[in-house]
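To keep things clear, I will list the structure first and then write my remarks on it.
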Amino acid sequence: METTVAIIGAGNGGSAIAAYLASQGVKIHLCDLFPQYLEGIQAAGGIDLTLDGKTSHHPLEMVTGDVPEAIRGVHLIMVVTPSFTHKMIAEACYSALTDGQVVVLNPGRTGGALEFQNTIRSKGCTANITIAETQTLIYSCRKTGPASVEIYGVKKEVELGAFPSSQTQRVLDLLQGYYPQFTPAQNCLETSLSNIGALFHPAPVLLNIGRIESDSKGYRYYWDGISPSVAVLVKAIDKERMAVAQAYGVRILSAEEWLRQSYDTYGDNLYDLIQHNQAYGDIMAPTTIEARYVTEDVPMSLVPISELGKAAGIFTPTIDSVIQLTSTIYKRDFRAEGRCAKNLGIEGMNKEQVAHYFETGKC
């Protein structure tokens with residue numbers, strides 16, 4: 001087990017992981033690209049963690065906004081940030097990475113490990129490192145103050161894949177003492193294509209965008225926003241995602257299977273499963289269209305699924321329509337700025353070459 005861990009990201013998830021590992025005796029180097037997230041923790045000399053109804057204070061060995069300083073001499077680096085910052089973090093740390101280091105993206109969303117690898121290599125980094133990604137964040141958690149965080153729940157099982165896939169067990173061994181919940185994925189294609197946020201976030205916002213802009217009272221995101229007709233579109237996106245996975249020989253759960261496995265719900269179709277999921281009852285819709293449900297999940301989730309589909313000869317017209325419509329409304333080119341083939345380092349590759357790249361880390 002690692003005795004010193006660098007954690008990049010001092011938001012909800014990063015603060016929770018930092019505080020929990022510190023409670024287990026790990027020396028923590030906490031870093032964030034945005035200094036305002038560190039000020040309260042620096043002033044408090046650590047983080048207050050509330051877990052199972054008990055609150056305890058945990059000092060950290062280092063709190064810094066300097067990424068190279070945070071990762072220097074550290075074997076395990078946990079990146080716990082929104083996926084749109086992964087490239088920024090790779091650009092900040094590429095010159096300080098050294099042979100043998102392991103970077104874990106919590107989570108990677110879709111194509112996170114590839115984008116991270118492509119970014120550091122394009123900057124000239126030749127260090128022999130392993131990049132891994134989780135399918136989702138292990139905690140349900142929330143910062144309750146500038147230097148305090150509460151963990152509400154811990155997922156029973158979270159898939160993790162490494163890039164290259166031969167290193168997955170090595171990464172799991174590093175984390176096993178603290179997080180036995182991590183289980184091996186076939187590769188980063190499996191973790192990437194298991195990204196449920198790609199289904200449940202962009203399309204429902206798109207189809208309720210007028211309501212978000214005009215309804216000051218708000219609405220229940222899942223129970224009101226995913227009506228039977230919206231569920232039809234979400235299901236169509238899911239079918240395209242499943243087709244891409246099948247083309248690469250990757251087994252992933254459908255949206256219905258995932259809901260049944262993850263929650264105490266029931267129903268014969270996607271709409272019913274969502275409506276009967278009590279965990280969704282209190283989740284309100286975003287109050288502005290400038291929400292990560294679109295600005296993150298379109299470029300970092302839908303775009304790479306579409307690009308992986310193109311390489312495999314799988315058409316994704318519904319996904320492509322959502323990308324185009326949101327790009328038009330938001331006046332941004334989400335495909336160009338997101339995880340397109342060029343930014344993933346797979347431009348010009350066919351299905352076999354992409355699959356080989358995910359497995360070996362080599363073109």
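Among what's in the range 89-121 and is among the small types (Gly, Ala, Ser) and touching a residue at least 60 places away in the same chain (Cβ under 8 Å), pick the residue that is nearest to Ala341 (Cα to Cα). Restricting to residues being among the small types (Gly, Ala, Ser) and touching a residue at least 60 places away in the same chain (Cβ under 8 Å), the top hit is Gly111. Listed by position, the helices (runs of 4 or more DSSP H) contained in the range 261-337 that have at least 2 residues being under 21 Å from the mean Cα position of the chain (by Cα) and within 21 Å of Val244 (Cα to Cα) are 303-312, 317-330, 334-337. Determine if the range 98-107 includes at least one residue that is in a loop (DSSP other than H, G, I, E, B), closer than 25 Å to Asn12 by Cα and out of contact with any strand residue (DSSP E or B) (no Cβ under 7 Å at 6 or more places or on another chain). No: the range 98-107 contains no residue that is in a loop (DSSP other than H, G, I, E, B), closer than 25 Å to Asn12 by Cα and out of contact with any strand residue (DSSP E or B) (no Cβ under 7 Å at 6 or more places or on another chain).
Considering the range 11-23, and only residues there that are more than 14 Å from Ser83 (Cα to Cα) and among the small types (Gly, Ala, Ser), the residue that is surrounded by the fewest Cβ atoms within 10 Å (Cβ to Cβ) turns out to be Ser23.
Looking across the range 104-145 at every residue that is buried (at least 19 other Cβ atoms within 10 Å of the Cβ) and among the basic types (Lys, Arg), the one that is nearest to the chain's Cα centre (by Cα) is identified as Arg109.
Restricting the range 315-349 to residues that are in contact with a Lys or Arg (Cβ under 9 Å, 6 or more places away or on another chain) and touching a residue at least 60 places away in the same chain (Cβ under 8 Å), the residue that is farthest from Thr119 (Cα to Cα) is Thr318. None of Asp52, Asp48, Asp32 is surrounded by fewer than 24 Cβ atoms within 10 Å (Cβ to Cβ), at negative phi and not aliphatic (A, V, I, L, M) except Asp48. Among the candidates Ala16, Ala70, the residue that is at pLDDT 95 or above, within 21 Å of Thr191 (Cβ to Cβ) and either of a type outside the set (Asp, Glu) or touching a helix residue (DSSP H, G or I) at 6+ places or on another chain (Cβ under 6 Å) (or both) is uniquely Ala16. Test Leu38 against the stated conditions and say whether it is in contact with a Leu (Cβ under 9 Å, 6 or more places away or on another chain), in contact (Cβ under 8 Å) with a residue 24 or more places away in the chain and farther than 23 Å from Ala127 by Cβ. The answer is yes for Leu38. Residue count for the range 1-47, restricted to those that are assigned to a loop (DSSP other than H, G, I, E, B) and not hydroxyl-bearing (Ser, Thr, Tyr): 14.
Restricting Glu150, Glu157 to residues that are modelled with pLDDT of 95 or more and out of contact with any Gly (no Cβ under 6 Å at 6 or more places or on another chain) narrows the list to Glu150. A single member of Val154, Val158 is within 18 Å of the chain's Cα centre (by Cα), hydrophobic (A, V, I, L, M, F, W, C) and surrounded by fewer than 17 Cβ atoms within 10 Å (Cβ to Cβ), and it is Val154. Going residue by residue through the range 130-139, is there one that turns out to be assigned to a loop (DSSP other than H, G, I, E, B) and among the aliphatic types (A, V, I, L, M)? Looking through the range 130-139, at least one residue is assigned to a loop (DSSP other than H, G, I, E, B) and among the aliphatic types (A, V, I, L, M).
Taking the stated definitions as given, is Val250 in a loop (DSSP other than H, G, I, E, B) and either surrounded by 16 or more Cβ atoms within 10 Å (Cβ to Cβ) or in contact (Cβ under 8 Å) with a residue 60 or more places away in the chain (or both)? Yes: the conditions hold for Val250.
Residue check: is Lys351 surrounded by fewer than 20 Cβ atoms within 10 Å (Cβ to Cβ), out of contact with any His (no Cβ under 9 Å at 6 or more places or on another chain) and on the phi > 0 side of the Ramachandran plot? Criteria not met by Lys351.
Restricting Tyr280, Tyr266, Tyr219 to those that are farther than 29 Å from Glu115 by Cβ, in the same structural domain as Glu352 (by TED's automatic domain parsing) and without any contact (Cβ under 8 Å) to a residue 40 or more places away in the chain reduces the list to Tyr266.
The values are calculated or read from the model by the stated rules, or taken from the named source; none is laboratory data. Since this is a predicted model, take the numbers as computed values, not measurements. Counting neighbours? That spans all protein chains shown, and the Cβs are built from the backbone with ideal geometry, glycine included.
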